[in-house]
Amino acid sequence: MANFYKNAFYDPSTTNAVTVYTCPSNANAIIQNIQITNSSGSKTVDTRVVDNSASTSYVVAHASITGPTICNVAKGPIILEESDSVTIESSTTSAISATLAILEISREDQNG
């Protein structure tokens, strides 16, 4: 088993939901932080976890933010199982971005 710290980034080119991170099929993951940066204007941002085993999407954060500002929409750790994913959708594509801080826990040997 090996632990990997990773970042995933959101820089939208569409106002539709964008998959920002998908947990590998041989791992679990802990999303420690979802930092949304709004450089200007007012925006609405929805963050969802897609539960692959249940084929269901859950809204874990809804934020209406006015910029310039930075906010953490993960108010606690979010646990992902195999093939679960995180999506983000914003009301506009300009002046908005996000960073996810992730601890990925692989079930495979780091050297194998």
Using 19 Å as the cut-off for backbone N distance, which residues of the stretch 76-100 belong to the label zone defined by a point 7 Å from the Cα of Phe9 along Cα→Cβ?
86-90, 93-100
Can you match volume of the Cα convex hull per residue in Å³ to one of these, [x] 125; [y] 280; [z] 92, based on a calculation from the structure here?
[z]
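Which ordering of Phe9, Phe4 is given by a fewest-first count of other beta-carbon atoms within 10 Å?
Working: Phe9 10, Phe4 13.
Least crowded to most crowded, the residues run Phe9, Phe4.
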Take Cys71, Cys23 and order them by how many other Cβ atoms sit within 10 Å, fewest up front.
Cys71, Cys23
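Using a simple charge model, +1 on the beta-carbon of Lys and Arg, -1 on the beta-carbon of Asp and Glu, nothing else, what dipole does the stretch 2-102 show about its Cα centre, in debye to the nearest 20? If you can, show how the numbers build up before the last one.
Numbers: 4 positive and 7 negative charges, 58 e Å.
Taking the Cα centre of the stretch 2-102 as origin, the dipole is about 280 debye.
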What residues of the stretch 13-50 lie in the reach of a label at Ile70, counting those whose backbone N is under 13 Å from a point 7 Å from the Cα along Cα→Cβ?
34-39
HN-Hα J couplings of the stretch 68-74 from phi, Karplus 6.51/-1.76/1.60, θ = phi - 60°, integer Hz, Gly and Pro as x?
x, 7, 10, 9, 9, 8, 8
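Any read-out appearing in this document is the output of simple, stated calculations on the displayed coordinates, not a laboratory observation. Please read all numbers here as calculations on a predicted model, not as lab measurements. Methodologically, a virtual Cβ is constructed for each residue, glycine included, from the backbone with ideal geometry; neighbour enumeration extends over all protein chains shown.
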